[in-house]
Amino acid sequence: MDSKRDKGPRDDRWYLKLMAPNTKGDKFAWLDPTSIYINGEAFHDLLDDLKTDLAGVQCDVVAGLDSMGFVLGAALATSLGVGFLPIRKAGKLCVDTDSVSFTNYSGRTQEMEMRLPAFAPGTRVLIVDQWVETGGTVDGAIRLIERQQGLIAGIVAIAIEENEQTRSYRESYRCVSAVLPGSNWQNDCNAQTLRSFASYQPEDAFPP
């Protein structure tokens, strides 16, 4: 089978075209990036690009947000050679926790929690989520980390949509995403539809 990388230039983040459109209605996110993870070459290229764009960022631990941030966060932590901290939805951890309420991308109020204590004061924490749409989940994570006197090293995602809610993150923190600001991919994400959906085929993501 031909390399998937041959289907597009690396600097255009070829693997983003593997993301699948929502087929289940408005109760779900508008697309599914997990097909990137299925394809080993795509997943490794994604991680390589994120690591390259994180050049100069110092972190002691990666915090992944429940639940799909666990996949990307754990893989990135391993690649960076640091530990991984899961920040979970409320009621999942069997140890002492701190919790916060937040509003997710669908407008629902939820709670998330982090083990207490999780790290020493001054620990540099890199926040990773799969996708940042409104930033509500990230806001909850920032509050939990800062309550334990952790330092936010940056925010990482496959995409950070551009809107009023997320603009403050780019102004306040080092933000890294596979979808590069100013790119056609960013414009598509802001509109919440990808031009690649027109030719999307699930088989394109199958492991070679």
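Go through segment 83-95 residue by residue and tally those that are out of contact with any helix residue (DSSP H, G or I) (no Cβ under 8 Å at 6 or more places or on another chain), of a type in the set (A, V, I, L, M) and surrounded by 18 or more Cβ atoms within 10 Å (Cβ to Cβ). So that I can check it myself, show each step before the final result.
Taking segment 83-95 first, the residues out of contact with any helix residue (DSSP H, G or I) (no Cβ under 8 Å at 6 or more places or on another chain) are 85, 88-95.
Subset that is of a type in the set (A, V, I, L, M): 85, 90, 93, 95.
Applying the additional criterion that residues be surrounded by 18 or more Cβ atoms within 10 Å (Cβ to Cβ) yields 85.
Of the residues in that region, 1 qualify.
What do you reckon, is residue 42 at pLDDT 95 or above, over 22 Å from residue 147 (Cα atoms), small (Gly, Ala, Ser) and surrounded by fewer than 17 Cβ atoms within 10 Å (Cβ to Cβ)? Quick ask: steps written out before the conclusion?
Details: at pLDDT 95 or above: yes; over 22 Å from residue 147 (Cα atoms): yes; small (Gly, Ala, Ser): yes; surrounded by fewer than 17 Cβ atoms within 10 Å (Cβ to Cβ): no.
Answer is no for this residue.
From the list 77, 29, 42, which residue is over 26 Å from residue 188 (Cα atoms) and of a type in the set (A, V, I, L, M)?
Working: 29 fails: over 26 Å from residue 188 (Cα atoms); 42 fails: over 26 Å from residue 188 (Cα atoms).
When all the criteria are applied, what remains is 77.
With more than 23 Å from residue 75 (Cα to Cα) and out of contact with any Lys or Arg (no Cβ under 9 Å at 6 or more places or on another chain) as the only criterion, which of 163, 184 stands out? Even if it seems obvious, please write down each step before you answer.
Details: 184 fails: out of contact with any Lys or Arg (no Cβ under 9 Å at 6 or more places or on another chain).
Result of the check over 163, 184: 163.
Scan (1) surrounded by fewer than 16 Cβ atoms within 10 Å (Cβ to Cβ); (2) assigned to a helix (DSSP H, G or I); (3) without any contact (Cβ under 8 Å) to a residue 40 or more places away in the chain; (4) not small (Gly, Ala, Ser) for the single condition residue 117 breaks and write down its number.
(2)
Being among the aliphatic types (A, V, I, L, M) and part of a helix (DSSP H, G or I) is the filter; apply it to segment 148-203 and report the residue that is farthest from residue 124 (Cα to Cα).
So the first thing to find is which residues in segment 148-203 are among the aliphatic types (A, V, I, L, M), and the list is 151-153, 155-160, 176, 178-180, 191, 194, 198.
Narrowing the set further to residues that are part of a helix (DSSP H, G or I) leaves 191, 198.
On the way: 191: 33, 198: 41 Å.
Ranking the candidates gives 198 first.
Would you point out which residue out of 93, 50 is in contact with a strand residue (DSSP E or B) (Cβ under 7 Å, 6 or more places away or on another chain), touching a residue at least 40 places away in the same chain (Cβ under 8 Å) and among the hydrophobic types (A, V, I, L, M, F, W, C)? Even if it seems obvious, please write down each step before you answer.
Numbers: 93 fails: touching a residue at least 40 places away in the same chain (Cβ under 8 Å).
It is 50.
Specify which of the listed residues (98, 66, 139) is surrounded by fewer than 21 Cβ atoms within 10 Å (Cβ to Cβ), in contact (Cβ under 8 Å) with a residue 24 or more places away in the chain, of a type in the set (D, E, K, R) and farther than 26 Å from residue 55 by Cα. Break it down stepwise before answering.
Working: 66 fails: farther than 26 Å from residue 55 by Cα; 139 fails: farther than 26 Å from residue 55 by Cα.
Of the residues listed, the single one that is surrounded by fewer than 21 Cβ atoms within 10 Å (Cβ to Cβ), in contact (Cβ under 8 Å) with a residue 24 or more places away in the chain, of a type in the set (D, E, K, R) and farther than 26 Å from residue 55 by Cα is 98.
Would you confirm whether any residue within segment 158-166 is in contact with a Leu (Cβ under 8 Å, 6 or more places away or on another chain), surrounded by 14 or more Cβ atoms within 10 Å (Cβ to Cβ) and at pLDDT 95 or above?
Taking segment 158-166 first, the residues in contact with a Leu (Cβ under 8 Å, 6 or more places away or on another chain) are 158.
Among the residues that remain, those that are also surrounded by 14 or more Cβ atoms within 10 Å (Cβ to Cβ) are: 158.
Imposing the further condition that a residue be at pLDDT 95 or above reduces the set to 158.
For segment 158-166, residues in contact with a Leu (Cβ under 8 Å, 6 or more places away or on another chain), surrounded by 14 or more Cβ atoms within 10 Å (Cβ to Cβ) and at pLDDT 95 or above: present.
Would you check if there is a residue in segment 100-111 being small (Gly, Ala, Ser) and in contact with an Asp or Glu (Cβ under 7 Å, 6 or more places away or on another chain)?
If we filter segment 100-111 for residues that are small (Gly, Ala, Ser), which is where we start, we get 101, 106-107.
Filter once more, so that each one left must be in contact with an Asp or Glu (Cβ under 7 Å, 6 or more places away or on another chain): 101.
Yes - at least one qualifying residue is present in segment 100-111.
Within segment 177-184, identify whether any single residue is at pLDDT 95 or above, under 16 Å from the mean Cα position of the chain (by Cα) and of a type in the set (Gly, Ala, Ser), and answer yes or no. Please lay out each step first, then the result.
Of segment 177-184, the ones at pLDDT 95 or above are 177-184.
Next, from what is left, pick out any that are under 16 Å from the mean Cα position of the chain (by Cα): 177-181.
Keeping just the survivors that are of a type in the set (Gly, Ala, Ser) gives 177-178.
Yes, that holds for at least one residue.
Does residue 110 satisfy being closer than 30 Å to residue 194 by Cβ and surrounded by fewer than 21 Cβ atoms within 10 Å (Cβ to Cβ)? Quick ask: steps written out before the conclusion?
On the way: closer than 30 Å to residue 194 by Cβ: yes; surrounded by fewer than 21 Cβ atoms within 10 Å (Cβ to Cβ): yes.
In short, yes.
Residue under question is residue 177, and the condition is that it be among the polar types (S, T, N, Q) and buried (at least 21 other Cβ atoms within 10 Å of the Cβ); does it hold?
Values: among the polar types (S, T, N, Q): yes; buried (at least 21 other Cβ atoms within 10 Å of the Cβ): yes.
Here the answer is yes, as residue 177 does meet what is asked.
Among the residues of segment 38-48, write down those that are farther than 10 Å from residue 158 by Cβ and either in contact with a Phe, Trp or Tyr (Cβ under 8 Å, 6 or more places away or on another chain) or of a type in the set (Asp, Glu) (or both).
As a first pass, look at segment 38-48 and keep what is farther than 10 Å from residue 158 by Cβ: 38-45, 47-48.
If the condition is that a residue be farther than 10 Å from residue 158 by Cβ and either in contact with a Phe, Trp or Tyr (Cβ under 8 Å, 6 or more places away or on another chain) or of a type in the set (Asp, Glu) (or both), then 38, 39, 41, 42, 43, 45, 48 are the ones that fit.
The values are calculated or read from the model by the stated rules, or taken from the named source; none is laboratory data. None of the values given here were measured: they were computed from a predicted structure. FYI the Cβ positions are ideal-geometry reconstructions off the backbone, even for glycines, and counts take in every protein chain you see.
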